[in-house]
Amino acid sequence: MKSTRTLLILSLATSTLHAQDADLAKKLANPVADLISVPIQSNVDFNVGPGDGTISRTNVQPVIPIGINDEWNVISRTILPIIDQQGIDLAGATDEFGLGDTVQSFFFSPKSSDPIWGVGPAFLIPTATDDVLGGDQWGIGPTAVVLKQQGPWTYGALSNHLWDFTGDNDRPGVNATFIQPFVSYITATKTTFTLNSESTYDWRGNEWNAPLNFVVSQLLKVGDQPLQIFAGARYYLDTPDGGPDWGLRFGLTFLFPKS
């Protein structure tokens, strides 16, 4: 009788853990989920410029939800790039390592909605440690996301537009639209397959930078710490002159679910 009771308790505990893992995997596919996470995303692009150089961008991307009342969250999403470029042979570009410019977004999002959505402001902050790695411009504009989650599927789009409002007058201004359509599928083993495009249109130069990304992610635990590891590749559908042909993406996301 005791062994039967023990097996029942273990079975219930395992079912609870599986449900929690499924919930975490689903939240990770949602850019405005009520979940603190810290993705560290490395991107390496190849065949850049006539010298066939490489650019490595490691983005530190903390996502912090802030409850403002019983119905609304503000989701803070930060992208701080650490850039290492080598063998670049383009006008004004040299081998360099340091910080790039930060993009800070705030999404006002209802705690419960179908479809899921959020809107708010985005800011460009000139944190670059070298002129080669950033534009030395302050920027602002709107950002929005909308998505639908049905069973194992998540699909939607995130976008922003940034204009410069002050900065170095000798540097080019900012007038750029970012569009990120995405679709993902989560398996029973909490493996997520994601296809997206992270396209930017520069209205000053009338140029697209449009990579198509395919990424495979796996949710797991190290001790009591849940995290997600991921890896994938991308192909550039369109780039400005001297842009890369293809690249790799890999990294991990630390998760801090509410207890």
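Being in contact with a Pro (Cβ under 7 Å, 6 or more places away or on another chain) and under 19 Å from residue 59 (Cβ atoms): is that true of residue 136 here?
no
Within the stretch 121-133, can one find any residue that is surrounded by 21 or more Cβ atoms within 10 Å (Cβ to Cβ), modelled with pLDDT under 95 and either under 18 Å from residue 80 (Cβ atoms) or of a type in the set (Phe, Trp, Tyr) (or both)?
yes
All but one of (1) under 28 Å from residue 94 (Cβ atoms); (2) in contact with a helix residue (DSSP H, G or I) (Cβ under 9 Å, 6 or more places away or on another chain) hold for residue 208; state the number of the condition that does not hold.
Failing condition for residue 208: (2).
Scan the stretch 166-190 residue by residue and report those that are over 23 Å from residue 142 (Cβ atoms), of a type in the set (Val, Ile, Thr) and either touching a residue at least 40 places away in the same chain (Cβ under 8 Å) or assigned to a loop (DSSP other than H, G, I, E, B) (or both).
Hits for the stretch 166-190 are 186, 187, 189.
If a residue must be without any contact (Cβ under 8 Å) to a residue 60 or more places away in the chain and either surrounded by 17 or more Cβ atoms within 10 Å (Cβ to Cβ) or within 17 Å of residue 249 (Cα to Cα) (or both), how many such residues does the stretch 38-57 contain?
Total meeting the criteria: 4.
Can you tell me which residue in the stretch 234-249 is nearest to residue 182 (Cα to Cα), limited to those that are surrounded by 16 or more Cβ atoms within 10 Å (Cβ to Cβ) and not β-branched (Val, Ile, Thr)?
234
Restrict the check to the stretch 99-106 and report whether at least one residue is among the hydroxyl-bearing types (Ser, Thr, Tyr), without any contact (Cβ under 8 Å) to a residue 40 or more places away in the chain, buried (at least 16 other Cβ atoms within 10 Å of the Cβ) and more than 27 Å from residue 53 (Cα to Cα).
No, every residue in the stretch 99-106 fails to be among the hydroxyl-bearing types (Ser, Thr, Tyr), without any contact (Cβ under 8 Å) to a residue 40 or more places away in the chain, buried (at least 16 other Cβ atoms within 10 Å of the Cβ) and more than 27 Å from residue 53 (Cα to Cα).
Give the residue that is surrounded by the most Cβ atoms within 10 Å (Cβ to Cβ), with candidates limited to residues of the stretch 195-219 that are among the polar types (S, T, N, Q) and closer than 14 Å to residue 27 by Cα.
Checking each candidate, the answer is 217.
Take the conditions modelled with pLDDT under 95, surrounded by fewer than 17 Cβ atoms within 10 Å (Cβ to Cβ) and aliphatic (A, V, I, L, M) and apply them to residue 222. Does it pass?
yes
The values are calculated or read from the model by the stated rules, or taken from the named source; none is laboratory data. Model, not experiment: these values are computed from the prediction. Neighbour counts are summed over all protein chains in view; Cβ atoms, including those assigned to glycine, are modelled from backbone coordinates with ideal geometry.
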